[in-house]
Amino acid sequence: MGFFQWRSDVPAIISRRKLLMAAGGIGIFSLFGKAAAQYPSRREEIDLNVDRDNDNFFIRRAFELRDRARELGDQAYGAVVVLNGQIVGESISRVIMDEDPTGHAEMSALRDAAKKHGSGALIGATLYSSSRPCSMCQAAADWVGILKMIYGRNAIDGGAPCSCG
């Protein structure tokens, strides 16, 4: 199978494509830093049960970031990445400030999470954002292993991200 050997202890939610992407340097994944070699070895290590109160707490944080983006003169978007009940990354929109068309709040939050987590693999994490993520942000979320997306003032469960366009 070449340089990459499929591991049977990797959770079923990870497709081979996602795992190969997380292995580093493929396409947009190079935006997220070093190779991801530390996958959970047991499915129970992934927190699949974030309750509704936590959803509202993290959405409020995304909206605080949205308001901050607006104050700084950028687009009014904010996003938070949560893994095992903890915020591991967050950001405001940085499109105008950084003159970066990929500086969406979700992309920037994923970059922040990858840097803080020490890996481009955020398997089982949840992405909270002030509005529904665009297709670019959904694709990036899918590639890093985001399990579900929650967005909007009413904390709408957007389900798993889709990189299918």
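No value in this document is a laboratory result; all are computed from the given coordinates. A quick note: this is a predicted structure, and the numbers were derived from the prediction, not measured. As a convention, Cβ positions derive from the backbone with ideal geometry for all residues, glycine included, and neighbour counts pool all protein chains shown.
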The stretch 143-156 - phi-based ³J(HN,Hα) in whole Hz, Karplus 6.51/-1.76/1.60, Gly and Pro as x: 5, 8, x, 4, 7, 7, 10, 10, 8, x, 4, 8, 6, 6
For the stretch 130-142, 3J(HN,Hα) per residue [Karplus equation, 6.51 cos²θ - 1.76 cosθ + 1.60, θ = phi - 60°, Hz, x = Gly/Pro]: 5, 9, 4, x, 5, 5, 4, 5, 5, 4, 4, 4, 4
Amide proton proximity set for residue 125, modelled H, under 5 Å, gap of 5+: 147
Burial ranking of peptide ranges 151-158, 76-83 (average Cβ count within 10 Å, highest at the top): 76-83, 151-158
Whether the stretch 86-165 is rounded, prolate or oblate, judged on the alpha carbon gyration tensor where a/c under 1.5 counts as rounded: rounded
